[in-house]
Amino acid sequence: MRYAKRGRLRFTSHRDISRAVERAVRRAGIPVAYSAGFSPHPKISYAGAAPTGVASEAEYLEIGVTTQCDPEQVKQGLDGSLPPGLDVLDVVEAGPGALADRLEISEWEVRLPGADRELAEVAAEKFLAEGTVEVERLTKKGLRRFDAREAVLGLKVSEGTDRTAAQVHGGPCVILRMVVRHMTPAVRPDDVLTGLRLVADFAPPVPPEVTRLAQGPLDASTGELADPLGLDRDTTRGGEAGPVGEHVAG
């Protein structure tokens, strides 16, 4: 399943989102499978979740079900049971292979209200020209230092005047579009912004507003992001019956 995290829901923690999804699954009457053991829990797994405070048009999860379900009915049932701002965009029956393994790259949009476009362009050029840009971030295991440059496959600067994600009107807004490979440790948009500050002393005047636009595998033929659910659609196209037993709606 692909879903969006929009508006004020971008500030919702992953734990709260998982609780909302579990309630929606029950309300929609989806025959969810449960784990075995002393404390069974619904078989719902999340792949590549965006950080708290970040909006997204491309969040993914898988739901294990006990009987085969119609993807469109699952989509409508879940979308109608989730709060506004958590919007179900696509549901397919899962084919072979792990969904998480296909989420190799993310495309991000970073809005910087009040920033100077020329300074942003110079900073982006300097960042891309560097072989290594080491940044530091405080993690659960303490302060960690890593290269933010290697993961960045593309970084473009543009300008827009539309509302920001917080629905705040203002002057021209600098927009960074970045394509970032998923690595360990994960390189996030704020790490790239830290890198821009280090190489060019570029820092936005107000906190950035970040939205993940897409995530998926890299198409070797086009160099673009591919649909991570495309393989499942190809596998189940034509009305073929899925395997007997537990099914997964992805």
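The values are calculated or read from the model by the stated rules, or taken from the named source; none is laboratory data. Everything numeric here is computed off the predicted structure, so don't read it as measured data. Virtual Cβ from ideal backbone geometry, glycine too; neighbours counted across all protein chains shown. Note: areas computed on protein heavy atoms with side chains; ligands, DNA, RNA excluded. Shrake-Rupley method; radii C 1.70, N 1.55, O 1.52, S 1.80 Å.
Of the lysine pairs in the chain, how many meet both conditions: Cα atoms under 26 Å apart, and a spacing of 8 or more in sequence or different chains?
Total qualifying Lys-Lys pairs in the chain comes to 6.
Per DSSP helix of 4 or more residues, -39500 (n - 2.57); summed, then divided by the residues of the chain. What does that give at 222 nm, rounded to the nearest 500?
Numbers: 6 runs with 61 residues, N = 250.
The per-residue figure over the chain is -7000 deg cm²/dmol.
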| query | What is the set of long-range amide H partners of L89 at a cut-off below 5 Å, with H atoms built 1.01 Å from backbone N? | reply | R2, Y3, A4
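Any chance you could run the full-extension gain for E72 through S13? It's 0.36 nm times the residue separation minus the Cα-Cα distance, nm to one decimal. Write out the running numbers ahead of the final one.
Details: separation 59, 0.36 × 59 = 21.24 nm, distance 2.72 nm.
So the chain would gain 18.5 nm between E72 and S13.
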| Whole-Hz ³J(HN,Hα) from phi, Karplus 6.51 cos²θ - 1.76 cosθ + 1.60, for the stretch 59-68, glycine and proline x | 9, 10, 8, 10, 10, x, 10, 7, 9, 5
| task | Along Cα→Cβ, 7 Å out, is where each label goes; now give me the distance between the ones at A36 and S158 in nm to one decimal. | result | 5.2
| Averaged per residue, what accessible surface does the chain expose to a 1.4 Å probe, in Å²? | 53
| request: For the stretch 2-37 and the stretch 122-149, write down the distance between their C-alpha centroids in whole Å. | output: 33
| Convex hull volume per residue for the stretch 1-112, taking Cα atoms only, in Å³ | 114
| query | Under a point spin-label approximation (7 Å from Cα along Cα-to-Cβ), what is the T235-R145 distance to one decimal in nm? | reply | 4.3
| task | Mind giving me the FRET efficiency for R6 and A100? R0 is 22 Å, r the Cβ-Cβ distance, nearest 0.05 is fine. | result | 0.45
| field | For E150, residues with placed amide H under 5 Å, excluding near neighbours | value | V133
| task | Using amide H atoms built 1.01 Å from N in the peptide plane, name the residues 5+ places from A214, or on other chains, whose amide H lies under 5 Å from its own. | result | E107
| task | On the protein heavy atoms, probe 1.4 angstrom, tell me the percent of accessible surface of the chain carried by carbon and sulfur. | result | 50
| note | Labelled set (1) 19.9, 60; (2) 26.1, 90; (3) 19.1, 57; Rg and Dmax of the Cα atoms in Å computed from this model equals the value at (1)
